[in-house]
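A short worksheet on the structure shown next.
The values are calculated or read from the model by the stated rules, or taken from the named source; none is laboratory data. Just so it is clear, the model here is predicted, and its values are computed rather than measured. Every residue, glycine as well, gets a Cβ built from its backbone with ideal geometry; the counts of neighbours run over all protein chains shown. Note: areas computed on protein heavy atoms with side chains; ligands, DNA, RNA excluded. Shrake-Rupley method; radii C 1.70, N 1.55, O 1.52, S 1.80 Å.
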Amino acid sequence: MRSLLKTVVLTFLLLLASSLAVFAAIRLSGGDVTAARLPASATAADRQLFRHQMGLDQPILKQYATYLGKLFKGDLGNSLTNSAKISTLAVEKIKNSLILGATSMLLVFGIGIPLGMIAALKRNSWFDTGITSASVAGMAVPNFWLALIAIYFFSTRLGWLPSAGQGGIKYLVLPAFVLSAEGIALTVRMTRSAMLDNLNQDFVRTLRAAGLSERRIYFKHVLRNSLLPIISLAGLRVGQIVGYALVVETIFGWPGVGQSLVNAVLRRDYPVVQFFSLLLVLVVTLGNLAASIGYTLANPKLRK
Amino acid sequence: MTDEPLLDIRDLSIGLRGDGVGYDIVRNVSMSLYPKEILAIVGESGCGKSLTALSVLALHASPPLHITSGSIMYDGRDLTKVSASQMRAVRGAEIAMVFQDPMSALDPMFTAGTLLTSAVQAHHKVRYDVAKSRALEALADAGIEDPRRRFGEYPFQLSGGVSQRVMIALALINDPKVIIADEPTTALDVTVQAQILDRLKELRAERGMSIILITHNLGVVASVADRMVVMYTGEVVESGMVEEVLATPQHPYTKGLLGAVPRLNSDAATLVPIMGRVPQPNELPPGCSLPIVAAESSMSAGPIARILRYMVTP
Amino acid sequence: MSRFRRALKNKQLVIGMIIAIVIVVLGIVGPAVFGDYSKQDLLRGHKPVGTPGDFFGTDALGRSLAARATYGIRISLFVAISVTGLAMVVGTIIGLIAGYVKGLVDGVISLLIDFIWGFPLILVAVLAAASIGSGLLPVILAVGLVNTVAIARVVRGEVLGISEKDFVVAAKAGGYSTMRILTKHVAPNVIPVALVLSSYYVAVAIIAEAALSFVGLGAQAPLPSLGQMVSEGRNYMRLNHWESTIPGVIIFAMVLSVSLIGDGLRDLLDPRLRTALERARAK
Ligand SMILES: Nc1ncnc2c1ncn2[C@@H]1O[C@H](COP(=O)(O)OP(=O)(O)O)[C@@H](O)[C@H]1O
Ligand SMILES: [Mg+2]
């Protein structure tokens, strides 16, 4: 428990440091902003004035403090492309990304763990071989390509599902599956190997000798032991979803944080880039922190 | 001692079957356990003691190991032929087992209490508090000082000795007629070993249980067991009352074993090493009976120092 | 020799190697054989594979798909292999130092390593592109940083285990210099792990480069990149699917081959090391 507190404190320090690094890196490219935002005929004085108005000529730490101060007041500045308030824009994008991200996380564990368990239980069966090879392939198919294939078959050819945009569940199916595919494959692999590993542990023999049913041994004891490594790496799954969301949202025209960030980078809309970058750093950091807290709570040795 | 054995293993053979290999590791083993007796199985490491014991409760790794012939009679039934659910009813409730390495034999994710109450509930439809009070009793019966505290502890919080007592509590909890203890003290230090063995002896007296005790240690056999079976390369080479076997060993291997035990009144220089090494079953020529490596053999010493080590350390 | 034989019996390794050799050869000789990747001919656009005169097909601007894809292989391999190779060297050194020196140095290094390890490569690459602008450079920096950290992390763990072992303790007691112990005794035991891991991280790097180029933040036109080709071709799936399937299949084959090679090498490794690998691979 003590070590947990230490982890939390250190994580927040690192979060502060890394967000400052990201903030600084993006701010320091502010020179580009003047080039992108001012007409080519602008004089050096105009540029200087612009930088001054934007607060770009102050020390970076001060800029960061000012930024955080405004952030906590809910003032995120305006987009350079359409002058919209970022705070209004962000609420909608965050909501959309949360829907997609949470669905994908559910699919990763909700499909990955049961499939991995069945594969381990029926090892060397056709089911196991099929699942195992599919997961090797699943990890090798880049997910933007998987997206295109899925769109081609399910939208263009079969017309079952929309290829892009947002609206009911129908619009969620393809992006969520594509986004979670690699995570599912990895989770299947990990669950399978952890289950097989634990099935060979001595404690399984003890439980059998005590007369416990196979079902109980498998679903309570072996499963609980096998979930530990999966929990400890769940933070990576969060990161993976966030990373791939940048690509998948763009392909499926899913109006979320990922798509907005990529578009903002392409358009050099740096106030938007700034906010969404920091947001994603925060999400990934919290995801990892949640996983290590979960691991501590799930592991009797650390919990005590 | 009645004439009817409680557990009767007849001509049991256990084979290893896999791609390209197929030979019997345990061959034509017979032994009987009578009510209220302690039967010791002794023999060199790897000779098939554990495998024989595990096969009684169908706990051997199958595949690749299979019972190829023979029977294990218990209570009028052949345990090699019962269904999986019938076997489950026997495990822990009729015949219980205690394993060698208590530290790895307990599930690290659950408390001793959870383990014990699940064992009760695996055999009896009782409420949790009933199961819990039985668990506390069993912990006390196994010689644990503070059952309430241990009940809530996880395996990593228990010492080796306490873990082994938890294993014994687990074996006792459903009041079985037979306990098979597979080298229950090998992983423990000497004082704890003695306490655990004493406890097993007392339990036999208090509850009239029968115990099969697998051990490397002839000293333990002499002080605890009534009868003994000597195994060598997968076969039983000698059996009988402990005093008789130890006093007048018939088989060269047994003689060798005895020769290798240091006596208090002799010094280490007179230890007689057993020459050669234990052949693996697949190295035996087909149809050939057991090759005997006797104390008299003049073959140069192989890794038999291993045996000596087992014999010298209690 | 016997190790070589054993390697030949390993199906995953052999298949992975064959695919890898084909791809590398394509990347080396392709651009010379298939000609100029930027030569346009608007009259000969969207030609499917097998068209007489444009046997390997053309894209919307009539550029040769084969020339562009093979040049794309070059870029992809350059980013993934050379950068991961460098990351392997630097990561191994950092891991060796952190694991062996221990104390505060290790505390700080491993804290940073664990933190950065939590970040996905694609996100880091997008953040890099956000700071320094689109192109191959942010991808290279991100691959370098993330893979260095990933390798350092595993090497450190291995070194912590090994430096407790008798032979290292004995070497220390024997008064050998730290440098000598690290290079002669510790490194040979951790380098195999780093090598196998690197093959997995090459796969991750290939995917990241392709993904970044796909969304437009990676390689910039006129430089051809596989990810960018898939992206351009996606609008013509019905008209001429080859424009996206050729680069798509190549990316798939590259990633598959390095993963197979990684799995094959893993099986040749000491079983003790496999668990460490399986964990590190979860990324
Ligand atoms: N799961 C298994 N697979 C293959 N061989 C086994 C397995 N378990 C035991 N054996 C073999 O069976 C023989 C007897 O083992 P065991 O009964 O454990 O010996 P003991 O308990 O007498 O030391 C050994 O040679 C061992 O290698
Ligand atoms: Mg044994």
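Here's the yes/no breakdown for (1) more than 9 Å from chain C (Cβ to nearest Cβ); (2) modelled with pLDDT of 85 or more:
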| residue | (1), (2) |
| --- | --- |
| A:257 | yes, yes |
| A:262 | no, yes |
| A:268 | no, no |
| A:279 | yes, yes |
| A:283 | yes, yes |
| A:287 | no, yes |
| A:299 | yes, yes |
| A:303 | yes, no |
Query raised in the report: Which condition number in (1) open to solvent by less than 10 Å² (accessible area, probe 1.4 Å); (2) within 19 Å of the chain's Cα centre (by Cα); (3) over 26 Å from residue A:6 (Cα atoms) is the one that residue C:86 fails?
Result: (1)
**Report entry** Pairs where the first residue, in the stretch B:100-129, is assigned to a helix (DSSP H, G or I) and the second is open to solvent by 60 Å² or more (accessible area, probe 1.4 Å), C-beta under 6 Å, 6+ apart
**Finding:** B:117/B:132; B:120/B:134
**Report entry** Condition broken by residue A:149, with the remaining ones in (1) more than 13 Å from chain C (Cβ to nearest Cβ); (2) assigned to a helix (DSSP H, G or I); (3) open to solvent by 50 Å² or more (accessible area, probe 1.4 Å) satisfied
**Finding:** (1)
Requested in this report: Among the residues of the stretch B:15-40, write down those that are open to solvent by less than 20 Å² (accessible area, probe 1.4 Å) and more than 8 Å from ligand 1 (Cβ to nearest atom).
Outcome: B:15, B:29, B:31, B:32, B:33, B:37, B:38, B:39, B:40
Report summary line: Going through (1) open to solvent by less than 50 Å² (accessible area, probe 1.4 Å); (2) within 14 Å of chain C (Cβ to nearest Cβ); (3) without any contact (Cβ under 8 Å) to a residue 60 or more places away in the chain one by one, residue A:161 fails only at (2)
**Report entry** Members of the stretch B:60-74 that are open to solvent by 50 Å² or more (accessible area, probe 1.4 Å) and either in contact (Cβ under 8 Å) with a residue 60 or more places away in the chain or within 16 Å of ligand 2 (Cβ to nearest atom) (or both)
**Finding:** B:61, B:73
**Report entry** Selection count, the stretch A:89-116, where residues are open to solvent by less than 30 Å² (accessible area, probe 1.4 Å) and more than 26 Å from residue C:256 (Cβ to Cβ)
**Finding:** 5
Query raised in the report: In the stretch A:194-209, which residues are in a helix (DSSP H, G or I) and in contact (Cβ under 8 Å) with a residue 24 or more places away in the chain?
Result: A:194, A:195, A:196, A:197, A:198, A:199
Query raised in the report: Since residue B:10 meets every condition but one in (1) part of a strand (DSSP E or B); (2) within 16 Å of ligand 1 (Cβ to nearest atom), which condition does it not meet?
Result: (2)
Report summary line: Checking C:221, C:210 in turn, the sole residue that is within 12 Å of chain A (Cβ to nearest Cβ) and of a type in the set (A, V, I, L, M, F, W, C) turns out to be C:210
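State whether the residues of the stretch C:125-137 include one that is open to solvent by 40 Å² or more (accessible area, probe 1.4 Å) and under 18 Å from the mean Cα position of the chain (by Cα).
So the first thing to find is which residues in the stretch C:125-137 are open to solvent by 40 Å² or more (accessible area, probe 1.4 Å), and the list is C:132, C:134, C:137.
Imposing the further condition that a residue be under 18 Å from the mean Cα position of the chain (by Cα) reduces the set to C:137.
Yes.
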Requested in this report: Name the single residue, out of those in the stretch B:197-217 being of a type in the set (A, V, I, L, M, F, W, C) and either within 16 Å of ligand 2 (Cβ to nearest atom) or assigned to a helix (DSSP H, G or I) (or both), that is farthest from the other protein chains (Cβ to nearest Cβ).
Outcome: B:205
Query raised in the report: Scanning for something outside any loop (DSSP other than H, G, I, E, B), surrounded by fewer than 18 Cβ atoms within 10 Å (Cβ to Cβ) and facing another protein chain (nearest Cβ under 10 Å), does the stretch C:176-187 turn up at least one residue?
Result: no
Query raised in the report: Out of all the residues in the stretch B:55-68, is one or more closer than 28 Å to residue B:223 by Cβ, more than 9 Å from every other protein chain (Cβ to nearest Cβ) and within 16 Å of ligand 1 (Cβ to nearest atom)?
Result: yes
**Report entry** Subset of the stretch C:228-258 [facing another protein chain (nearest Cβ under 9 Å), open to solvent by 50 Å² or more (accessible area, probe 1.4 Å) and part of a helix (DSSP H, G or I)]
**Finding:** C:234, C:249, C:252
Query raised in the report: Out of the stretch A:72-99, which residues are touching a Phe, Trp or Tyr at 6+ places or on another chain (Cβ under 9 Å) and closer than 19 Å to residue A:288 by Cα?
Result: A:97
Query raised in the report: Out of all the residues in the stretch B:109-125, which are open to solvent by 40 Å² or more (accessible area, probe 1.4 Å), more than 8 Å from chain A (Cβ to nearest Cβ) and of a type outside the set (S, T, N, Q)?
Result: B:124, B:125
Requested in this report: Kindly indicate whether any position in the stretch A:39-55 is in contact (Cβ under 8 Å) with a residue 24 or more places away in the chain and open to solvent by less than 30 Å² (accessible area, probe 1.4 Å).
Outcome: no
Query raised in the report: Within the stretch B:88-103, is even one residue more than 30 Å from residue B:144 (Cα to Cα), more than 16 Å from ligand 2 (Cβ to nearest atom) and surrounded by fewer than 22 Cβ atoms within 10 Å (Cβ to Cβ)?
Result: no
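Every residue, every condition in (1) farther than 23 Å from residue C:226 by Cβ; (2) at the interface with another protein chain (Cβ under 9 Å from one of its Cβ atoms); (3) open to solvent by 50 Å² or more (accessible area, probe 1.4 Å), yes or no:
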{"position": "A:120", "(1), (2), (3)": "yes, no, no"}
{"position": "A:129", "(1), (2), (3)": "yes, no, yes"}
{"position": "A:139", "(1), (2), (3)": "no, yes, no"}
{"position": "A:144", "(1), (2), (3)": "no, yes, no"}
{"position": "A:200", "(1), (2), (3)": "yes, yes, yes"}
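Yes/no per residue for (1) more than 14 Å from every other protein chain (Cβ to nearest Cβ); (2) within 16 Å of ligand 2 (Cβ to nearest atom); (3) assigned to a strand (DSSP E or B); (4) open to solvent by less than 10 Å² (accessible area, probe 1.4 Å):
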site: B:135; (1), (2), (3), (4): no, no, no, yes
site: B:149; (1), (2), (3), (4): no, no, no, no
site: B:156; (1), (2), (3), (4): no, no, no, no
site: B:164; (1), (2), (3), (4): no, yes, no, yes
site: B:168; (1), (2), (3), (4): no, no, no, yes
site: B:171; (1), (2), (3), (4): no, no, no, yes
site: B:174; (1), (2), (3), (4): no, no, no, no
site: B:181; (1), (2), (3), (4): no, yes, yes, yes
Query raised in the report: Can you tell me which residues in the stretch A:250-263 are assigned to a helix (DSSP H, G or I), closer than 24 Å to residue A:70 by Cα and in contact (Cβ under 8 Å) with a residue 60 or more places away in the chain?
Result: A:257, A:258, A:260
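Tell me which residues, restricted to the stretch B:200-240, are among the aromatic types (Phe, Trp, Tyr) and more than 16 Å from ligand 1 (Cβ to nearest atom). Show your work before the answer.
Of all residues in the stretch B:200-240, those among the aromatic types (Phe, Trp, Tyr) come to B:232.
Of everything in the stretch B:200-240, nothing turns out to be among the aromatic types (Phe, Trp, Tyr) and more than 16 Å from ligand 1 (Cβ to nearest atom).
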Query raised in the report: Taking residue A:239 and the conditions (1) in a helix (DSSP H, G or I); (2) more than 26 Å from residue B:163 (Cβ to Cβ); (3) more than 9 Å from chain C (Cβ to nearest Cβ), which numbered condition does it fall short on, given that it satisfies the others?
Result: (3)
Report task. Given the conditions (1) away from ligand 1 (no atom under 16 Å from the Cβ); (2) closer than 26 Å to residue B:235 by Cβ, report the number of the one that residue B:100 does not fulfil. Result -> (1)
Query raised in the report: Does the stretch C:155-175 hold any residues that are surrounded by fewer than 15 Cβ atoms within 10 Å (Cβ to Cβ) and not in a helix (DSSP H, G or I), and which are they?
Result: C:164, C:165, C:174, C:175
